[in-house]
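Got a structure for you, written out below as structure tokens; questions coming shortly.
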Amino acid sequence: MIDMSSKFEPQILGFLCNWCSYAGADLAGTGRTQYSPNLRIIRVMCSGRVDPTFILAAMKNGADGVLIAGCHPPSDCHYLTGNLKARRRYHLLLKLLDQLGIERERVRLEWVSASEGERFAKIVDEFTEQIRTMGPNPLKSS
Amino acid sequence: MSEQPRIGVYLCHCGTNIAGVIDMKRLLAYAEKLPNVVVARDYTYMCSDPGQQLIRKDIHESKINRVVAAACSPTLHEPTFRRVLEEEGLSPYFFDMANIREQDTWVHMKNPEEALQIAQDTIRMSAARAARLEELKPKEVKVGRRALIIGGGISGISAALDLANAGFTVYLVEKSPTIGGRMAQLDKTFPTMDCSSCILTPKMVSISRHPNVKLFTYAEVKDVQGFVGNFKVKVLQKPKYVDEKKCTSCNECTKICPVEVPDEFNANLSWRKAIYIPFPQAVPPSYVLDEENCLGLTPLACGKCIDVCDPDAIDYDQRAKEIELDVDTIIVATGYDPYNPLNEHEYNYGMFQNVVTSLEMERMLNASGPTSGKVVRPSDLKEPKRIVYVQCVGSRNEKTNLYCSRVCCMYAVKQARQLKEKHPEIEVRIFYVDIRAFGKGFEEFYERAAKDYGVLFTRGRVAEILEDPKEKNLTVRVEDTLLGTPLELETDMVVLSVGITPSVDANEIRKILKIPAGPDGFFSEAHPKLRPVDTVVDGILIAGTAAGPKDIPDAVAQAKAAASGAASLMAPGVYVVEPYYATIDDSICGGCGTCVLLCPFRAITIEDKRAKLNEALCKGCGACASACPAGAIKPNHFTDEQIMAQVEQAVAK
């Protein structure tokens, strides 16, 4: 294998909740806030819908990082407490990632409201940069 | 899914919004080759009639049964395209939108290759999802004819009257003891110089007399549950300790009451009693006993007001009432609070007596105000000979609020004209950043202030104000930015033109209603241009300054728009909602009850050792589905299969 690390561009998958974070990503667009082109977005109604198996599947398929974004706790959630459920699951998932030998930093949970377009762009840039330094998903080469 | 998916992919140029960044020919060539795609087309504006026509034609001629539109955000045009499918006899839910504008070309404008890659990936994910979409039927809910309006200022009043006149039942909830809001505090209104209360009070009276309006004053909305057509509202009404029906407004109680506190209606420039009427034209025209300041709600402590009340209207035993209302739509008109310059100790407001706010000046100018219309310096009650206005206090400033409050230029010009009308000999000078005279008749009004009334205008943001400790005269330091010279001038009084901030309760209301607000705290509209009075929550609308700074005509216009929006939701009697509820597969469910605990809407119960889901209560968040150990729960339109297909395609190259 030739060394690809110098040209490594992370592939990141984002699960955005419909009400806050997806709208926040749209707002980044309306404001023409430019950010790293490494993210692919899946819209879900609520961050509480994100089944940990979706994330594991993404890692298995070779995603280098997964972003879950929902409404700010405690009370922005359109479904009252979906974000809190997402947070509980996220912390459990991190333990599972440890056991599977995947760095837990590859999966990130963030809160982005419908008015935080610039914050969304910043998070994507920062996360992309972080994954870039971490290198490719170890599952990809095995 | 019995039939084979036949997908049509439609690429929108959106003028140059998308096509200006991405090579559409390459994107089209890519889309054509995707699995299950029968036809792919591109067009300048896919949302236009000719664009829609392309889809209609393909549904019939190419027998496509799934549609993917690669265009803007689904929040914008998903309804447009769904309607096309529905009109051509397909389920509207056989549609998916690939967002290649807001989340692609607009955020990767200088990166056409990457933008094209993202568009390809997004369309591939979308097509994979489309192939797995299932037929759904929109859910209809019954909608009645009852509206809740939160806030009894001019916006709430206007919306309430429009709805009530159209035959809808209106519950108007106002937190203070009277309706009227901020407008009741104003003396005259720009640019017509109408007397504010003369045009407001007839409307207030109409509210109290209208058979379709039920008014709750001194009351606050504490909880809202449910959805359009079925909101359950809890209102807490504080005790006034005065029976509105018995009170004759004779004023005997106020005369005898020994307690004096600052009068908030007069911007704290005068005193009121603990039992009082906020202002003479208050609606309802009843007195209120302010329990925080009363010596004690018992004849043992004081009881003087009870002794003098002939009609026996005072009742110390009144208690707060919790009122439950069932309503179909909600209009939020919670208004604003003037910016408080004490927050940043701006221009030593609060330390220098002769630095006042524009609201304090407004009350002084009012004939029934604390000084009976005489403008005086707070330090010595003498009439000032020189007055300086400082514009943009609490507006257009990084330290306070970035936005323009839209009304301060014009009310400062108006007050200056009023001052010059009363006392042509005094000098009134306005220090401004820009004069924003954008409304109908505003520019002429401003010009006349300068030319005919002799109001002086100097461009420059005031840097600091100093005080002569003996005379209490003030020195204003500022740079005249037109001449480029520093100025220092002495004045008798300074008026701070304070801006508009969201009402102190706006954040509480936002949490109760679960509606979004912008970073400045004003409620957000569903679309800034096309849905300016809707919120993202169906059935909840916004009006007036709660949605952002505006003057009275704009607030009334928005209130009327919100009323018409609420009316058009309620008039048909039914409302169509997305069928995004979940279904449970009985044959897989083990009855463990995990979902029951997770559901925030109590939509799931266990019956006969199986989970049972109530479609009317379920809102489709999917929190249950992602936790069901058996995988028995399927949230419509966001099934595991559909999401997994997107996950797989997201990283496949």
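What number of residues within region A:24-59 are assigned to a helix (DSSP H, G or I), more than 7 Å from every other protein chain (Cβ to nearest Cβ) and either under 15 Å from B:Thr122 (Cα atoms) or over 15 Å from the mean Cα position of the chain (by Cα) (or both)?
The number of residues fulfilling the criteria is 1.
When B:Val536 is evaluated against the numbered criteria (1) assigned to a loop (DSSP other than H, G, I, E, B); (2) of a type in the set (A, V, I, L, M, F, W, C); (3) in contact (Cβ under 8 Å) with a residue 60 or more places away in the chain, which criterion, by number, is the only one it fails?
Just one mismatch for B:Val536, condition (3).
Output yes when any residue across region A:68-82 is assigned to a helix (DSSP H, G or I) and either touching a strand residue (DSSP E or B) at 6+ places or on another chain (Cβ under 6 Å) or among the hydrophobic types (A, V, I, L, M, F, W, C) (or both), and no when none is.
Taking every residue of region A:68-82 in turn, none turns out to be assigned to a helix (DSSP H, G or I) and either touching a strand residue (DSSP E or B) at 6+ places or on another chain (Cβ under 6 Å) or among the hydrophobic types (A, V, I, L, M, F, W, C) (or both).
Okay, next question. Give region B:73-99 a look and list any residue that's in contact with a strand residue (DSSP E or B) (Cβ under 7 Å, 6 or more places away or on another chain) and not acidic (Asp, Glu), or say none.
B:Ser73, B:Pro74, B:His77, B:Phe81, B:Arg82, B:Leu85, B:Phe94, B:Phe95, B:Met97, B:Ala98, listed by residue number.
Scan B:Cys621, B:Cys595 and give me the residue that is in contact with a helix residue (DSSP H, G or I) (Cβ under 7 Å, 6 or more places away or on another chain) and within 23 Å of A:Cys17 (Cβ to Cβ). Spell out the reasoning first.
Numbers: B:Cys595 fails: in contact with a helix residue (DSSP H, G or I) (Cβ under 7 Å, 6 or more places away or on another chain).
Sole residue among the options that is in contact with a helix residue (DSSP H, G or I) (Cβ under 7 Å, 6 or more places away or on another chain) and within 23 Å of A:Cys17 (Cβ to Cβ): B:Cys621.
Having 1 or more residues that are at pLDDT 95 or above and in contact with a Gly (Cβ under 9 Å, 6 or more places away or on another chain) is the bar; report the strands (runs of 3 or more DSSP E) wholly within region B:398-479 that clear it. Write out each step before concluding.
On the way: elements: B:427-432, B:456-459, B:462-467.
Once the strands (runs of 3 or more DSSP E) in region B:398-479 are filtered for at least 1 residues that are at pLDDT 95 or above and in contact with a Gly (Cβ under 9 Å, 6 or more places away or on another chain), what remains is B:427-432.
Select, from B:Asp326, B:Asp312, the only residue that is under 38 Å from the mean Cα position of the chain (by Cα), open to solvent by 50 Å² or more (accessible area, probe 1.4 Å) and acidic (Asp, Glu).
B:Asp326
Among the numbered conditions (1) over 16 Å from A:Ala63 (Cβ atoms); (2) without any contact (Cβ under 8 Å) to a residue 60 or more places away in the chain; (3) crowded, with 17+ Cβ neighbours inside 10 Å; (4) more than 10 Å from chain B (Cβ to nearest Cβ), tell me where A:Val112 comes up short.
So A:Val112 meets the others, but not (2).
Let me ask something additional. Which one of these is buried (at least 17 other Cβ atoms within 10 Å of the Cβ) and under 34 Å from the mean Cα position of the chain (by Cα): B:Glu86, B:Glu78?
Details: B:Glu86 fails: buried (at least 17 other Cβ atoms within 10 Å of the Cβ).
On inspection, the qualifying residue turns out to be B:Glu78.
Return only the number of the condition from (1) open to solvent by 20 Å² or more (accessible area, probe 1.4 Å); (2) within 14 Å of chain A (Cβ to nearest Cβ); (3) at pLDDT 95 or above; (4) not in a strand (DSSP E or B) that B:Ser564 does not satisfy.
For B:Ser564, the failing item is (2).
Right, B:Pro92: under 27 Å from B:Glu648 (Cβ atoms) and surrounded by fewer than 23 Cβ atoms within 10 Å (Cβ to Cβ) or not?
For B:Pro92, the condition - under 27 Å from B:Glu648 (Cβ atoms) and surrounded by fewer than 23 Cβ atoms within 10 Å (Cβ to Cβ) - is met.
Restricting attention to region B:614-624, and to residues there that are in contact (Cβ under 8 Å) with a residue 12 or more places away in the chain and more than 7 Å from every other protein chain (Cβ to nearest Cβ), which single residue is farthest from the chain's Cα centre (by Cα)?
Result: B:Cys624.
Given the conditions (1) without any contact (Cβ under 8 Å) to a residue 24 or more places away in the chain; (2) part of a helix (DSSP H, G or I); (3) surrounded by 17 or more Cβ atoms within 10 Å (Cβ to Cβ), which single one is not true for B:Gln53?
(3)
If you don't mind, another one. Take the conditions assigned to a strand (DSSP E or B), in contact (Cβ under 8 Å) with a residue 40 or more places away in the chain and among the aromatic types (Phe, Trp, Tyr) and apply them to B:Tyr30. Does it pass? It would help to see each step written out before you state the result.
Details: assigned to a strand (DSSP E or B): no; in contact (Cβ under 8 Å) with a residue 40 or more places away in the chain: yes; among the aromatic types (Phe, Trp, Tyr): yes.
Taking the combined requirement at face value, the residue does not satisfy it.
Turning to a different aspect of this structure: Name the one entry in B:Lys550, B:Lys529 that is away from chain A (no Cβ under 14 Å), farther than 23 Å from B:Glu344 by Cα, open to solvent by 20 Å² or more (accessible area, probe 1.4 Å) and in a loop (DSSP other than H, G, I, E, B).
B:Lys550
Among (1) within 10 Å of another protein chain (Cβ to nearest Cβ); (2) surrounded by 20 or more Cβ atoms within 10 Å (Cβ to Cβ), there is one condition B:Glu648 misses while meeting the rest; what is its number?
Here B:Glu648 meets the rest and fails (2).
While we're here: Can you tell me which residue in region B:185-211 is farthest from B:Leu569 (Cα to Cα), limited to those that are of a type in the set (A, V, I, L, M) and open to solvent by 10 Å² or more (accessible area, probe 1.4 Å)?
Taking the candidates together, the pick is B:Met193.
Any chance you could count how many residues in region B:329-349 are surrounded by 14 or more Cβ atoms within 10 Å (Cβ to Cβ) and free of Cβ contacts under 8 Å to residues at least 60 places away in the same chain?
1
Condition first: more than 23 Å from the chain's Cα centre (by Cα) and without any contact (Cβ under 8 Å) to a residue 12 or more places away in the chain. Can you find one or more residues in region B:549-566 that meet it?
Looking for residues that are more than 23 Å from the chain's Cα centre (by Cα) and without any contact (Cβ under 8 Å) to a residue 12 or more places away in the chain, one finds none in region B:549-566, hence no.
Within region B:242-259, is even one residue outside any loop (DSSP other than H, G, I, E, B) and either closer than 30 Å to B:Gly144 by Cβ or small (Gly, Ala, Ser) (or both)?
no
Please determine, by comparing only the residues of region B:193-228 that are of a type in the set (A, V, I, L, M) and not in a strand (DSSP E or B), which one is nearest to B:Lys420 (Cα to Cα). Working first, answer last.
Initially, region B:193-228 is screened for residues of a type in the set (A, V, I, L, M), giving B:193, B:199-200, B:204-205, B:207, B:213, B:215, B:219, B:221, B:224, B:228.
Okay, now just the ones that are also not in a strand (DSSP E or B), so B:193, B:199-200, B:204-205, B:207, B:228.
Numbers: B:Met193: 14, B:Ile199: 24, B:Leu200: 25, B:Met204: 31, B:Val205: 33, B:Ile207: 36, B:Val228: 52 Å.
The selected residue is B:Met193.
Restricting attention to region B:632-653, report how many residues are at pLDDT below 95 and not in a helix (DSSP H, G or I).
2
If we scan region B:276-295, do we find a residue that is over 30 Å from B:Asn165 (Cβ atoms), touching a Cys at 6+ places or on another chain (Cβ under 6 Å), aliphatic (A, V, I, L, M) and surrounded by fewer than 18 Cβ atoms within 10 Å (Cβ to Cβ)?
yes
The values are calculated or read from the model by the stated rules, or taken from the named source; none is laboratory data. What you see is a predicted model, and the numbers here were worked out from it, not measured in a lab. Neighbour counts are summed over all protein chains in view; Cβ atoms, including those assigned to glycine, are modelled from backbone coordinates with ideal geometry. SASA here: full protein model, heavy atoms, side chains in, ligands and nucleic acids out. Shrake-Rupley method; radii C 1.70, N 1.55, O 1.52, S 1.80 Å.
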